[in-house]
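Trainee: This is the structure I want to talk about, given as structure tokens.
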Amino acid sequence: MRRTLQHSKENFLPLKEELESLKIYLELENMRLENTLDIHIYAENDIDEERTLVPTLFMQPFVENAIIHGLLPKEGEKKIEVRVEKISKGIRCVIEDNGIGRTASRELNKKRNRSHQSTALTAIENRIDILNASANINIKMTIEDLYEDNNAIGTKVILDIA
């Protein structure tokens, strides 16, 4: 909590600190979920994690959504992977889970609470718009539903930061 409060004062952090905060968050979530998560967090070796800056708490909302909407309702093995790759003009952050997928999650939410309106994605899109307009940065977000034989097998969020 202290780390989050300290980081909230900054617009950007070194990738290393952002990944460490994410690791702590995922370890806490995993404890809450009785160690049922298979977690992988890594950055490619050719990325300077100390000098590469990313928006503060940028990946965490996507990881939180993956857990709450994709993995929590899933039976069996629950995996989440966060990886950072080098691309030609910056970095790519990929958050991938093997959850139930967005369509099944929407259906579950309809059954649970018809009045619930999710605003997380809109808030994230607004933050990206603000960062793109006010900082010397270009962020592109893509969300992919993952399928195998027409069955949902998870979700992948791709954040290109240049």
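The values are calculated or read from the model by the stated rules, or taken from the named source; none is laboratory data. Fair warning: this is a prediction, and the values are worked out from it, not measured in the lab. In this analysis, Cβ positions are derived from the backbone assuming ideal geometry, glycine residues included, and neighbour counts consider all displayed protein chains. Ligands, DNA and RNA are excluded from the accessible area calculation, which covers all protein heavy atoms including side chains. Shrake-Rupley method; radii C 1.70, N 1.55, O 1.52, S 1.80 Å.
Trainee: Which residue, chosen from F62, Y42, V84, occupies the Cα position most advanced towards the positive end of the dipole of segment 15-84, where the dipole is computed from +1 (Lys, Arg) and -1 (Asp, Glu) charges on Cβ about the Cα centre?
Mentor: Farthest along the dipole direction, towards plus: F62.
Trainee: I need the peptides 65-71, 85-91 ranked by packing, meaning the mean over residues of other C-beta atoms within 10 angstrom, with the highest value on top.
Mentor: 65-71, 85-91
Trainee: Can you pull the one-decimal nm distance between simple spin-label points at K23 and M141, each 7 Å off the Cα toward Cβ?
Mentor: Placing both labels 7 Å along Cα→Cβ, they lie 2.6 nm apart.
Trainee: I've got another one for you. Nothing charged except the Cβ atoms of Lys and Arg (+1) and of Asp and Glu (-1): what's the magnitude of the dipole of segment 99-162 about its Cα centre? Round to the nearest 20 debye.
Mentor: The dipole of segment 99-162 has a size of about 420 debye.
Trainee: Then there is this: On the protein heavy atoms, probe 1.4 angstrom, tell me the percent of accessible surface of the chain carried by carbon and sulfur.
Mentor: 47 percent
Trainee: Principal axis lengths of segment 83-162 from Cα atoms, whole Å, largest first?
Mentor: 43, 32, 16
Trainee: Separate question: Give me the Å³ per residue figure for the convex hull around the C-alpha atoms of segment 20-82.
Mentor: 82 Å³
Trainee: From largest accessible area down, sort Y147, Y25; use a 1.4 Å probe on the protein chains.
Mentor: Y147, Y25
Trainee: Continuing with this model, one more query. Step through the residues of segment 141-149 one at a time and calculate ³J(HN,Hα) from phi using the Karplus curve (6.51 cos²θ - 1.76 cosθ + 1.60, θ = phi - 60°), rounding each to whole Hz and writing x for Gly and Pro.
Mentor: Values per residue, Gly and Pro as x: 10, 10, 10, 10, 7, 9, 10, 9, 6 Hz.
Trainee: Continuing with this model, one more query. What does the extension gain come out to for A123 and I153, with contour length at 0.36 nm per residue minus their alpha carbon separation?
Mentor: Length difference between fully extended and current span is 8.2 nm.
Trainee: Now a separate question. Indicate, rounded to the nearest 5 percent, the antiparallel portion of the DSSP beta bridges found entirely in segment 1-91.
Mentor: Values: 5 of 12 bridges.
Roughly 40 percent of the beta bridges in segment 1-91 run antiparallel, per DSSP.
Trainee: With bins 10 Å wide starting at 0, give me the P(r) of the chain over every alpha carbon pair, in whole percents.
Mentor: P(r) over the chain, rounded to whole percents: 10, 37, 37, 14, 1.
Trainee: Accessible area per residue, 1.4 Å probe, Å², for the chain: what's the number?
Mentor: Heavy-atom SASA per residue in the chain reads 63 Å².
Trainee: So what is the relative contact order of segment 30-90, in percent, for Cα pairs below 8 Å that sit 6 or more residues apart? Show your work: numbers first, answer last.
Mentor: Details: 40 pairs, mean separation 35.3, N = 61.
This gives 58 percent for segment 30-90.
Trainee: Sticking with this structure for a sec: Can you compute the modelled spin-label distance between S88 and D46, with each label point 7 Å from Cα toward Cβ, in nm?
Mentor: 1.4 nm
Trainee: Also, I was wondering about something else. Cut-off 19 Å, label point 7 angstrom out along Cα-to-Cβ of F12: give me the residues of segment 47-91 whose amide nitrogen falls inside.
Mentor: 47-60, 84-91
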